[in-house]
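Working notes for the structure below.
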Amino acid sequence: MIRLRRRQQPGEPVDAVLDLPGEPEEELPPGVRPPRANRTIVVVAATAVASLAAGIGVSNLVISPAQRAAEAAPPEAGLITVPVEERELSTDLTLRGDALYDDPVSVALETTDMGGPAIVTGQVPEVGDLVEAGQVIMEVAGRPVIVLPGELPVYRTLRVGSSGPDVTQLKDALHSLGLGVGNRDSDVFDAATSAAVDALYQEAGYASPVAEEGAGEALTAAREGLRMAEEAYAQAQAEVDRAAGGLPRSERLRLDTAVARAERAVQLAAPEGAEAVTQAREELAVVRAEREEALTAPDTSAERSARDAAATAVEDAARALAEARNTAMTPLPAAEVVYVDTLPRRVDSVMVRRGDTVSGEALTISGATLQVLASVSDADAALVPEGTTAYFTVGEEEIEATVTETRTPSARPTADGEGDGEDGGGGGGGGDRHELVLVPVEITEEQRAEIVGSNVRVTVPLESTGGEVLVVPVAALTAGAGGESRVEVDRGGERTEIVVVETGLTADGYVEVSAEGLAVGDLVVVGR
C-alpha cells in the first residue's frame, strides 16, 4: 500500500492521508513537491470523498411514496372542546351618525332701508361664538345688528304708532330682557315701547336710532305753534267775558239816578199844572227805556265765535305736537335687528368679514346643543324608544348619550328652516329609514371640538345579561329529542356527559346557559 501525505510544515494542519495499494514511496523532503502523477491521484481521491458526502445528503432528502402517504394520513379522530366562560353578554345596535349642533338657522340682514352701502364695519363673530338675546352679532355701516328672540322675520321699520304682530313680538322680546314696554296686550308701538328700545341700545353700548330727518325741528315748531294757539284762545276768552259782563256799575248808577230824578220831576210838576206833569212823565219814560235797554244782556256771538276758533286752533296745535313727538321718538330700524326663534345659539359659519358689503345671508347659527344624528331602519327604530341610553366614540373614549327623538329624515331642520329630506349617518333615505337624535349626557369642550362636524360610531345597547353569566359558544348547543337545549361536556378519560341547559341571551357567538353540574372551566364539545 502506498500512503500519500505532504510533509506538514510547522503551524500547518494535518494533511489528508490517502492510502492506495502499491509499494510505499519514500517521504519527500520539506519544500519538495511530489511528482505530477501523484497530484492527480490526490485530486481524484478528494473528488470521490466529496461525491460520497453529497450522495449521503441527497439520500436524506428523498422521501419514498410510502413514507409520503403515511405522513399525509389524517390523525386519529378526537374531541374539539372549549371551556365554559363567565362573561356579560349584550346585543348592540351599531350605527354611524353625524355630530352637529341642532336647528341651524341662516341669518340674513335687511339692508333696503339703510340709504347707503351696507359695509361690515366690525363686531364680526367667529365660528363657535355663542349668540344670546340682546347681543350685537354684527356692525354694519357703524350701526349694530341686535339679535332678539322671535319667529317673524323683520319686514319694516317700527315707529311710534305702528301696530301689528311684529310689534307684539318686539314687546315680548324686550320684556324677556327685563325691559318695560307698557301694555303688553296692545299691539301698538307706543312711547313706552320706544323707551324700552332706547334702553336696549344703551345696554348694547350704541346710541339710539335717530328719528326721521327734520323731526327735531318739526317738534320745536309744533311746540311753538301750540303756545301761540293757547295765547290766542286766552285773548278770545277774555273778550267773551268782557262782552258778557254788561254795563259797568258806574253806568248802572248813572241810569238809576236819571230815573230817580225823572220820577221826582213828575212829583214837582203837579202844582204847575197838567202840561208840566205830562212833560215830566214823558221824560221819565225815556229815562226808564234807556236804563232797560242798557241792562238787557249784551250780544256776545261775535266774541264767542272768535273764542271757538281759537279753541279749535289749540286742538290742532296739540295734535301736531303729538305727531311731532311720535316722529321724534326712537324707532327700531329694520336693518338693526334680526329675530331667531330660540336663543342662545352657536355660530356655525360666517359668510362676511370686515369691509365686505352685506347682501343677503351673513352667517349661520345653530342651537347650542350638540347632537348626533344616526340613520336607522324602521325595524331597528322600533327597538329604540326615546330615553334609551346610547354611546358614541370620541377618540379612544366612549361618551354616554340619550336618544331624545326618533324622526323621519325629512323632519331634520336645515338652515332655511325646512326639512332636507336626507338621512344622517350614511344610510339610504326614504320611507324605510328613521333618524335617531342623540344628545350627550356630559361632554368636555375638547371632545366637543374634536367631533363636531364629523361622522362617529354609535352603539345602542338593546339587551344585556346585566352582569357576568355562564356562556358557551353557540356551536356547543345541540337539540335533544324533545327539543331541549343541551351541551356535551368532556369529563376526561374519553368520557363525555350530555347536560341539558336553560339558554338565555345570545350575542357575539355566545349563548347564556344555566344547568346543574356545569361550571366555569368545564370543557364543552364544539366538534370532532
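The values are calculated or read from the model by the stated rules, or taken from the named source; none is laboratory data. Every value quoted in this text rests on a predicted model; they were computed, and no experiment measured them. Cβ atoms come from the backbone with ideal geometry, glycine included; neighbour counts cover every protein chain shown. Note: areas computed on protein heavy atoms with side chains; ligands, DNA, RNA excluded. Shrake-Rupley method; radii C 1.70, N 1.55, O 1.52, S 1.80 Å.
Kindly provide the pair-distance distribution of the range 251-313 built from C-alpha pairs, with 5 Å bins from 0 and whole-percent values in order of increasing distance.
Per 5 Å bin, starting at 0, the Cα pair percentages come out as 3, 17, 17, 12, 11, 9, 7, 6, 6, 4, 4, 2, 1, 0.
If each residue of separation counts as 0.36 nm, what is the full-extension length gain between Thr444 and Asp316 once their alpha-carbon separation is subtracted? Before the final figure, lay out each step's value.
Details: separation 128, 0.36 × 128 = 46.08 nm, distance 6.68 nm.
Gain on extension, Thr444 to Asp316, equals 39.4 nm.
If amide H atoms are built 1.01 Å from N in the plane of the peptide, which residues on other chains or at least 5 residues away come under 5 Å of the amide H of Gly504?
HN-HN under 5 Å from Gly504: Glu512, Val513.
Placing +1 at every Lys and Arg Cβ and -1 at every Asp and Glu Cβ, with all other atoms neutral, what dipole size does the range 224-362 have around its Cα centre, in debye to the nearest 20?
Working: 18 positive and 26 negative charges, 112 e Å.
In debye, rounded to 20, the range 224-362 gives about 540.
Set Lys and Arg Cβ to +1 and Asp and Glu Cβ to -1, take the dipole of the range 66-199 about its Cα centre, and tell me which of Gly128, Leu170, Leu79 lies farthest positive.
Leu170
Roughly how many nanometres apart are two label points built 7 Å out from the Cα toward the Cβ at Ile119 and Gln267?
10.5
If I take R0 = 51 Å and measure r between the Cβ atoms of Glu386 and Arg184 in this structure, what FRET efficiency does the formula 1/(1 + (r/R0)^6) give, to the nearest 0.05? The partial results should precede the final answer.
Numbers: r = 36 Å, r/R0 = 0.70.
Efficiency for this residue pair is about 0.90.
Name the residue farthest towards the positive end of the dipole of the range 99-161 from the options Met114, Pro153, Ala99, assuming +1 on Cβ of Lys and Arg, -1 on Cβ of Asp and Glu, about the Cα centre.
Of the listed residues, the answer is Met114.
Run the accessible area of the range 87-243 with a 1.4 Å probe and give the carbon-and-sulfur part as a rounded percent. All intermediate terms of the calculation are to be shown ahead of the outcome.
Working: 3910 of 7840 Å².
About 50 percent, which is the carbon plus sulfur part of the accessible surface.
If each of Asp299 and Asp432 carries a label point 7 Å out from its Cα toward its Cβ, how far apart are those two points in nm?
Taking the simple label geometry, Asp299 and Asp432 are separated by 10.5 nm.
Would you grab the residues whose amide H sits under 5 Å from the one on Asp103? Only those 5+ places off in sequence or on another chain, please, with H modelled 1.01 Å from N.
Amide H to amide H, under 5 Å and 5 or more residues apart or across chains, Asp103 pairs with Gly367.
Asp241 versus Glu85, label points 7 Å from Cα toward the beta carbon: distance in nm?
Taking the simple label geometry, Asp241 and Glu85 are separated by 11.1 nm.
May I ask you to list the residues of the range 444-485 whose amide nitrogen lies under 16 Å from a point 7 Å from Cα along the Cα→beta-carbon direction of Glu126?
Label zone hits: 446, 449-450.
Please list 3J(HN,Hα) in residue order for the range 318-335, calculated via the Karplus relation 6.51 cos²θ - 1.76 cosθ + 1.60 where θ = phi - 60°; whole Hz, with x for glycine and proline.
5, 5, 4, 5, 4, 5, 5, 5, 4, 5, 7, 6, 5, x, 10, x, 5, 7
Calculate one ³J(HN,Hα) per residue across the range 276-285 by plugging θ = phi - 60° into the Karplus curve 6.51 cos²θ - 1.76 cosθ + 1.60, and present them in order as whole Hz with x for glycine and proline.
After applying 6.51 cos²θ - 1.76 cosθ + 1.60, I find 5, 5, 4, 5, 5, 5, 4, 5, 5, 5 Hz.
Magnitude of the Cβ-charge dipole of the range 182-239, K/R +1 and D/E -1, about the Cα centre, nearest 20 debye? Write out the running numbers ahead of the final one.
On the way: 3 positive and 12 negative charges, 24 e Å.
It works out to roughly 120 debye.
Averaged per residue, what accessible area in Å² does the range 438-495 show with a 1.4 Å probe, protein chains only?
For the range 438-495, the per-residue accessible area is 56 Å².
Between Thr496 and residues 5 or more places away or on another chain, which pairs have amide H atoms under 5 Å apart, with H built 1.01 Å from N, and which residues are they?
Excluding prolines and chain starts, which carry no amide H, the hits are Arg491.
Which whole-Hz ³J(HN,Hα) couplings does the range 493-499 yield from phi under the Karplus relation 6.51 cos²θ - 1.76 cosθ + 1.60, θ = phi - 60°, glycine and proline marked x?
These are the phi-based 3J(HN,Hα) values: x, 6, 10, 10, 9, 8, 10 Hz.
Among Val266, Thr312, Ala243, pick out the residue whose Cα is farthest towards the positive end of the charge dipole of the range 218-318, where Lys and Arg carry +1 and Asp and Glu carry -1 on C-beta, about the Cα centre.
Value computed over the given set: Val266.
Grab the other residues whose beta carbon is less than 10 angstrom from that of Val347, score K and R as +1, D and E as -1, and report the net.
Working: positive: Arg345, Arg346; negative: Glu126, Asp129, Asp348.
Charge balance near Val347 sits at -1.
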